[in-house]
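Notes follow the structure.
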Amino acid sequence: MARDFGLESTAEMDEYETLMSTTDIELLKTAWRNEKAALEILQFQAQLVKRGREQIQLMEETVEEFEDSGMDSLTVSLYQMDLERGTGLNFY
């Protein structure tokens, strides 16, 4: 997907992915706040939630791969903490 925007290097692709996930997190927080403050039920943000779930699934797979490969336990622990933080946002 990042290649569609002319991003060739790994660093550019990583930066693009980080920017996109940050944007989705902010959008998810905004949608949640709007829903809490609304007097009526707002439209469900299906694509936003789908992207969030896909990102969480990817992070879960990464943690499993790190555990299976014998990666440093501190690194695995940090990835698990980040995953738990992300799943905490998955309440929308």
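Overview of values
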read-out: FRET E, pair THR87, SER9, Förster distance 22 Å, beta-carbon r, rounded to 0.05; value: 0.10
read-out: Two-site FRET efficiency, GLU64 against PHE44, from Cβ-Cβ distance with R₀ of 25 Å, rounded to 0.05; value: 0.25
read-out: Loop-resident sites, the stretch 18-78, for GluC sites (Glu not before Pro), counting at most 10 other Cβ within 10 Å (DSSP); value: GLU40
read-out: For the stretch 51-64, 3J(HN,Hα) per residue [Karplus equation, 6.51 cos²θ - 1.76 cosθ + 1.60, θ = phi - 60°, Hz, x = Gly/Pro]; value: 4, x, 5, 5, 5, 5, 4, 4, 5, 4, 5, 5, 4, 4
read-out: Neighbour-count ranking [beta-carbon atoms within 10 angstrom, fewest first] of SER9, SER77; value: SER9, SER77
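All of the numbers you see were taken from the coordinates with simple rules; none came from a lab. Note that this is a predicted model, so its numbers are computed, not measured. Virtual Cβ from ideal backbone geometry, glycine too; neighbours counted across all protein chains shown.
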